[in-house]
1. Pick from segment 157-189 the residues that are over 13 Å from residue 130 (Cβ atoms) and under 17 Å from the mean Cα position of the chain (by Cα): which of them is surrounded by the fewest Cβ atoms within 10 Å (Cβ to Cβ)?
2. Which one of the conditions (1) in the same structural domain as residue 213 (by TED's automatic domain parsing); (2) within 24 Å of residue 33 (Cβ to Cβ); (3) crowded, with 21+ Cβ neighbours inside 10 Å does residue 266 fail to meet, given that it meets all the rest?
3. Of the conditions (1) more than 8 Å from the ligand (Cβ to nearest atom); (2) crowded, with 17+ Cβ neighbours inside 10 Å; (3) not in a loop (DSSP other than H, G, I, E, B), residue 78 satisfies every one except a single condition; which number is it?
4. Taking the stated definitions as given, is residue 12 more than 14 Å from the ligand (Cβ to nearest atom), touching a residue at least 40 places away in the same chain (Cβ under 8 Å) and on the phi < 0 side of the Ramachandran plot?
5. Just one of 317, 260, 284 is over 15 Å from residue 106 (Cα atoms), out of contact with any strand residue (DSSP E or B) (no Cβ under 8 Å at 6 or more places or on another chain) and in contact (Cβ under 8 Å) with a residue 24 or more places away in the chain; which is it?
6. Would you confirm, using the coordinates I've provided, whether residue 148 is in the same structural domain as residue 287 (by TED's automatic domain parsing), surrounded by fewer than 24 Cβ atoms within 10 Å (Cβ to Cβ) and either free of Cβ contacts under 8 Å to residues at least 40 places away in the same chain or in contact with a strand residue (DSSP E or B) (Cβ under 6 Å, 6 or more places away or on another chain) (or both)?
7. Looking at segment 117-140, which of its residues are assigned to a loop (DSSP other than H, G, I, E, B), touching a residue at least 60 places away in the same chain (Cβ under 8 Å) and away from the ligand (no atom under 13 Å from the Cβ)?
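The values are calculated or read from the model by the stated rules, or taken from the named source; none is laboratory data. A quick note: this is a predicted structure, and the numbers were derived from the prediction, not measured. Neighbour counts are summed over all protein chains in view; Cβ atoms, including those assigned to glycine, are modelled from backbone coordinates with ideal geometry.
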Ligand SMILES: NC(=O)c1ccc[n+]([C@@H]2O[C@H](COP(=O)([O-])OP(=O)(O)OC[C@H]3O[C@@H](n4cnc5c(N)ncnc54)[C@H](OP(=O)(O)O)[C@@H]3O)[C@@H](O)[C@H]2O)c1
């Protein structure tokens, strides 16, 4: 690969929230250019200087790598078409996250497998934050498998995509806050469990409850972790620092907790911890925050693309 040539990237689903974020980030990328950008109902419109074509008419040969931000259930067909044409692909939908055909692109933990990957399944937004918060504890055997890990997560409304839906109208979400997909029914649970088992060796129960937060972007997760032994705050912070000190896109907070303003528009997860007083068995509360459209989607996809292409991992990204 030639590090001095600009790499042409094809973006599928460029009229959606994630696709638009991909275009924004690629325009600031020193080693990549947008070769083509697709849309469905918005085909023919111009976004950031690109005329959107139908995915059916995508000029695959003009791109070296494809980033697909198509809806799940739609993406697989086009990703397979790109692969049949010999193109390396990062799929941001859920279509390949449980598939043995793809490398799961949780960059900080699967980096060595990304370099040669033909197909990378970019993790979901909620799982990215939860996994980066839980894997360090799981790897050290600190999570008690006889008790549930409770993940209460809240996302801004861009997490639901740009297609109009009545329940996402301003009049419905403004000044409100509500849970949805309760009772472990959210589709992200399966990839969360798979990756926590594969990277952390933890196979105990998780209870995952998403909430809709009336902001545009950002996810904050409050994770209640049952511990196998007592961890005071500074020991717990030290343990996260030991895992992530060399990681450019993970911020471990010391004596402070993250909030959305620490992460929006950044390709960063911010993690903070607190020991829990007045409980009979040891627990840790871990707070993790990300921008759902950046580290939770487009930014992590570009981080993965950079690793695949041998570029500096954070090229084009503000972590
Ligand atoms: N939103 C997030 O925070 C987030 C985070 C992580 C992962 N993801 C995943 O990323 C993907 C994109 O999410 P999003 O929120 O950006 O969705 P979105 O706003 O609804 O955008 C979907 C895109 O796909 C296009 N599209 C829809 N149906 C199509 C079809 N049948 N054939 C070809 N193109 C079609 C749309 O084109 P038109 O608009 O022109 O119809 C649009 O460009 C999804 O798989 C989602 O699960 C989203």
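1. Looking at the filtered set, the residue picked out is 187.
2. (3)
3. (1)
4. no
5. Testing whether each residue is over 15 Å from residue 106 (Cα atoms), out of contact with any strand residue (DSSP E or B) (no Cβ under 8 Å at 6 or more places or on another chain) and in contact (Cβ under 8 Å) with a residue 24 or more places away in the chain leaves just 317.
6. For residue 148, the condition - in the same structural domain as residue 287 (by TED's automatic domain parsing), surrounded by fewer than 24 Cβ atoms within 10 Å (Cβ to Cβ) and either free of Cβ contacts under 8 Å to residues at least 40 places away in the same chain or in contact with a strand residue (DSSP E or B) (Cβ under 6 Å, 6 or more places away or on another chain) (or both) - is met.
7. 117, 140 - these are the residues of segment 117-140 that are assigned to a loop (DSSP other than H, G, I, E, B), touching a residue at least 60 places away in the same chain (Cβ under 8 Å) and away from the ligand (no atom under 13 Å from the Cβ).
Residues are listed down the side, and each one gets a yes or a no for (1) free of Cβ contacts under 8 Å to residues at least 24 places away in the same chain; (2) under 18 Å from residue 271 (Cα atoms):
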site: 164; (1), (2): yes, no
site: 173; (1), (2): no, no
site: 185; (1), (2): yes, no
site: 191; (1), (2): no, no
site: 236; (1), (2): no, yes
